[in-house]
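*Asks:* Have a look at this one.
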Amino acid sequence: MEETSTPPQPQPQPAHPSPQFPAVFTPPPPPTSGFSSRGSPSPGTGSAAAQAQFSTPPGPPVFSSPLRPAAVPFRATPASPQPVPFASRGGGYSSSSSSAAVSLPTSSGPHFLNGAATPTSHLPSSAAAPPPPPPPPPEESPYVLFSAHKVLKQKKLLNAPSLGFGALVSPGREVAPGPETVERDPRRCLNCGAYVNLYCDVLIGSGQWQCVICKKMNGSEGEFVVSSKHDLLQWPELASSAIDYVQSGNRRPGFVPVPDTRVSGPIFILIDECLDEAHLQHLQGSLHAFVDSLPPTARIGIISYGRTVSVYDFSEGAAVSADVLPGNKSPTHESLKAIIYGTGIYLSPVHASLPVAHTIFSSLRPYQLSLPEVSRDRCIGAAVEVALGIIQGPAAEVSRGIIKRSGGNYRILVCAGGPSTFGPGSVPHSVQHPNYAYLEKTAMKWMERLGHEAQRHSTVVDILCAGTCPVRVPVLQPLAKCSGGVLLLHDDFGEAFGVNLQRASTRAAGSHGLFEIRCSDDMLVTQVIGPGEEASPDSHETFKHDTSFCIQMHSVEETQSFSVSMESKGDIKNDFVYFQFAVHYSNMYQTEITRVITMRLQTVDGLSAYLASVQDDVASVIIGKRTVLRARTASDAIDMRLTIDERVKDLALKFGTQVPKSKLYRFPKELASLPECLFHLRRGPLLGSIVGHEDERSVLRNLFLNASFDLSFRMLAPRCIMHREGGTFEELPAYDLAMQSNAAVVLDHGTDIFIWLGAELAAQEGQSAAALAACRTLAEELSELRFPAPRILSFKEGSSQARYFVSRLIPAHKDPTYEQESRFPQLRTLTPEQRSRLKSSFIHFDDHSFCEWMRSLKLVPPEPS
């Protein structure tokens, strides 16, 4: 997978062996077709910086002129996103000026205008509700973000590995308004399997339509016979770039076509019995709040695990009762049968079992033996097997090897304080065990098999870890990954853990997803990175000349995206290239849905026109995912930092210009923000040494590789916002020049949000309290719909925790004054005394500033955009 130098492999690459990463797919080149692509003019996709983007996490507040200050108390439990059948609220990424100010948003849920999350305080007071957003132009799609809005015809430059061409596809994203829904089967090309779409040429006299992928003609049984071309717009698939086909024949009990109805599938909570008292108290508080947040109709089950597995019975009323199974082996058929056919109630609606659930949580006791945390026996594998056995139940409908039943998909939430060290899927307590490597590999394979079994039963396993004990991420990650869930690490079982517990249970998840990618004969898919694995040929319908690449998705969620890298097979002669992305899945109501997204991009001859269409933020995320995928170990991460250096140099050599009478190269102005994004990637937690433990780095990288555009970009490049007097905020570059003693600063780095209080401000008790409250409220608003919910830390200048904040900022204090003012204009507003104090507050260290790094590569730093 040497994306910077190695040509496409002739055969698909299997998912890499390291379980802490999503699968990467390198499809084989399809057979060359004799058909060429052509069509009517259309501009490219919408700008990634100014138009609706993926909906999770929500976009930042739209910056405007200062309005009234707001002081809203910090809310401990932000609202969780609500699942809907077909269309949900959309939260787009909206870029804004770096020098504007914003009024502090209120703590109510965001309104959505044109796909962007907009704080309530920006709406007119007389508005009862925001107006519905207008539909996007046909050349735009909220589901697909291309790295460029045009395609260069010259193969050599388009395929340059330092920049490359690709797209971020979020097929499960929910937007408002969503795609039009059609209750019938889609029409498909009988030759290649592509779906009919708005770019197809239709012969209105005969009703035949020409496929945009293979150019073959297809019949419509007279359906498309109309008197004029305009009459074709009555078919949604011929009028819109995105369409949802609902197969009404497969509709099942439990389908609720009401957008605001909150439906939750059955949930099993698995609780670690090996916690110390402090951790257990935090966990009990989070669990009490969690069950209180569930809808009354949701069904829950509770299991605890240590050396044994305890399945709690809700039928005993006020008394706590549990059936206990051994944890040293998988549950036998007889033991599961005794539970399933017995008199106990192990899955019960919240409205009937809430008092019992609270009693169970309160009855939990801390670990009694004097063993260190890592040496305690935890039978996580056996506990998940018991939960799956109860979920499977006595009878279920089996179709194509998939277990289906009404009532929504199941979810298992594992609350873990340490590694799996007992029973199936376990590893020795100590990594110094002489046979540890072999036993770890065996445990990983067993957990992977269990994850696939869970997915077969429409069950997602989320593993939420907390505390200071290493959880051996490589062992647990396959279980979460293969079932379509996530593995998260937390400092403790407190606030962030509780919020993620709630958001994990309520996020809408489809199952049994099949993702198909088709493109014009000019283009070739070379690599796909995302939450899935290559689909076997017998898992989907095939056609005579089907050149699509198919991926079996572990789950279908709006928090996910796929990074699709593409190349041209040769110099492109057509005016347009076509891309079609289709996902077939069962939604949480177990309704079969096929979502089809068809895009068309214009081709250009001129390099400047192509570079002007490049979307720096999307391109940086795609480059970042390709780079982070290869950083499996700490030594790999160091190699990848050097790879970024070579990539930036190659970009300047291929697309930039040489400075006259100098050996320096000038970076192309069209890509001005790309190198700074890659510099953040080079220094940040994904590749740098900010995060100390390899478990943390592994989890962060896995989240980044699977995340939607918004979260991926925020994890790549942090967002810096300074609190101003009067309750307003100003967005600034993420430079250490923002560390001004009289200010408070919020730094959003995706999975972490930091609040820094300057020493001068912190000394003023009243003002610092108001600034801290405002910053915490802003942090909550920025991450209100984000999953996973970020850790929010606040600290004062000079404290030990402030290193988390400082290490993520570019050390621009090392640059000359003129460069500082050019890249950080806010400095010009400081008095000479303030600038002197700021300059003297910095501690010298060896890290390069961005400008120093560029010069070390013999490049001229690009002018700030």
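*Asks:* Against the definition (surrounded by 21 or more Cβ atoms within 10 Å (Cβ to Cβ) and of a type in the set (S, T, N, Q)), how does T468 come out, yes or no?
*Replies:* no
*Asks:* Scan (1) touching a helix residue (DSSP H, G or I) at 6+ places or on another chain (Cβ under 9 Å); (2) of a type in the set (A, V, I, L, M, F, W, C); (3) buried (at least 24 other Cβ atoms within 10 Å of the Cβ) for the single condition V525 breaks and write down its number.
*Replies:* (1)
*Asks:* Is it true that some residue in the range 198-206 is surrounded by 19 or more Cβ atoms within 10 Å (Cβ to Cβ), free of Cβ contacts under 8 Å to residues at least 40 places away in the same chain and not polar (S, T, N, Q)?
*Replies:* yes
*Asks:* Follow-up question, since we're still on this one. Do the conditions hold for G750, that is, is it open to solvent by 30 Å² or more (accessible area, probe 1.4 Å), in contact (Cβ under 8 Å) with a residue 40 or more places away in the chain and in the same structural domain as P816 (by the TED database)?
*Replies:* No.
*Asks:* Right, something else. For the range 685-774, give me every one of the helices (runs of 4 or more DSSP H) that falls completely inside it and has 2 or more residues that are among the charged types (D, E, K, R).
*Replies:* Helices (runs of 4 or more DSSP H) meeting the threshold: 694-706, 709-716.
*Asks:* Is it true that F842 is closer than 30 Å to V659 by Cα, of a type in the set (F, W, Y) and over 30 Å from the mean Cα position of the chain (by Cα)?
*Replies:* It is false that F842 is closer than 30 Å to V659 by Cα, of a type in the set (F, W, Y) and over 30 Å from the mean Cα position of the chain (by Cα).
*Asks:* Within the range 782-839, restricting attention to residues that are among the β-branched types (V, I, T) and part of a helix (DSSP H, G or I), which residue is farthest from G758 (Cα to Cα)?
*Replies:* In this case the residue turns out to be T817.
*Asks:* Which members of the range 550-591 meet the condition of being among the charged types (D, E, K, R) and modelled with pLDDT of 90 or more?
*Replies:* E567, K569, D571, K573, D575 - these are the residues of the range 550-591 that are among the charged types (D, E, K, R) and modelled with pLDDT of 90 or more.
*Asks:* Now, a different point. Can you tell me which residue is most open to solvent (accessible area, probe 1.4 Å) among those in the range 606-633 that are over 27 Å from R719 (Cα atoms) and in contact with a Leu (Cβ under 8 Å, 6 or more places away or on another chain)?
*Replies:* Among them, the one singled out is L607.
*Asks:* What number of residues within the range 761-815 are under 28 Å from the mean Cα position of the chain (by Cα) and among the hydroxyl-bearing types (S, T, Y)?
*Replies:* The number of residues fulfilling the criteria is 5.
*Asks:* Filter the range 286-300 down to residues that are closer than 15 Å to F268 by Cα and touching a strand residue (DSSP E or B) at 6+ places or on another chain (Cβ under 9 Å), then give me how many there are.
*Replies:* Going through the range 286-300 one residue at a time, the tally reaches 8.
*Asks:* Determine whether E448 is open to solvent by 70 Å² or more (accessible area, probe 1.4 Å) and either assigned by the TED database to the domain that holds M553 or within 29 Å of the chain's Cα centre (by Cα) (or both).
*Replies:* Criteria met by E448.
*Asks:* Of the residues Y804, Y818, which single one is in contact (Cβ under 8 Å) with a residue 40 or more places away in the chain, assigned by the TED database to the domain that holds H749 and among the aromatic types (F, W, Y)?
*Replies:* Y804
*Asks:* Being modelled with pLDDT of 90 or more and either charged (D, E, K, R) or in contact with a Gly (Cβ under 9 Å, 6 or more places away or on another chain) (or both) narrows it down to one residue among R252, R187; which is it?
*Replies:* Checking each option against the conditions leaves just R187.
*Asks:* Kindly indicate the residue of the range 821-839 that is in contact (Cβ under 8 Å) with a residue 60 or more places away in the chain and among the basic types (K, R) and also surrounded by the most Cβ atoms within 10 Å (Cβ to Cβ) among those meeting that condition.
*Replies:* Among residues in the range 821-839 that are in contact (Cβ under 8 Å) with a residue 60 or more places away in the chain and among the basic types (K, R), the one surrounded by the most Cβ atoms within 10 Å (Cβ to Cβ) is R823.
*Asks:* Please indicate, with yes or no, whether at least one residue in the range 506-516 is surrounded by fewer than 22 Cβ atoms within 10 Å (Cβ to Cβ), in a strand (DSSP E or B), in contact (Cβ under 8 Å) with a residue 60 or more places away in the chain and acidic (D, E).
*Replies:* No, because not a single residue in the range 506-516 is surrounded by fewer than 22 Cβ atoms within 10 Å (Cβ to Cβ), in a strand (DSSP E or B), in contact (Cβ under 8 Å) with a residue 60 or more places away in the chain and acidic (D, E).
*Asks:* Of all the residues that make up the range 210-236, how many are among the aliphatic types (A, V, I, L, M) and open to solvent by 60 Å² or more (accessible area, probe 1.4 Å)?
*Replies:* 3
*Asks:* In the range 160-180, what residues are assigned to a strand (DSSP E or B) and either modelled with pLDDT under 90 or within 21 Å of P537 (Cβ to Cβ) (or both)?
*Replies:* Matches in the range 160-180: E180 only.
*Asks:* Has the range 587-603 got any residue that is within 30 Å of L464 (Cβ to Cβ), part of a strand (DSSP E or B) and open to solvent by less than 20 Å² (accessible area, probe 1.4 Å)?
*Replies:* The answer is yes, given that some residue of the range 587-603 is within 30 Å of L464 (Cβ to Cβ), part of a strand (DSSP E or B) and open to solvent by less than 20 Å² (accessible area, probe 1.4 Å).
*Asks:* Please pick out the residue among T542, T559, T547 that is under 21 Å from A454 (Cβ atoms) and among the hydroxyl-bearing types (S, T, Y).
*Replies:* Residue meeting the stated conditions: T559.
*Asks:* Identify the single condition in (1) surrounded by fewer than 24 Cβ atoms within 10 Å (Cβ to Cβ); (2) of a type outside the set (D, E, K, R); (3) touching a Pro at 6+ places or on another chain (Cβ under 7 Å) that L772 does not satisfy, given that it satisfies every other one.
*Replies:* It is condition (3) that L772 fails.
The values are calculated or read from the model by the stated rules, or taken from the named source; none is laboratory data. Just so it is clear, the structure is predicted and the values come from calculations on it, not from any experiment. Cβ sites come from the backbone with ideal geometry, for glycine too, and all protein chains shown count toward neighbours. When the accessible area is computed, the model is the full protein with side chains, heavy atoms only, and any ligands, DNA or RNA have been set aside. Shrake-Rupley method; radii C 1.70, N 1.55, O 1.52, S 1.80 Å.
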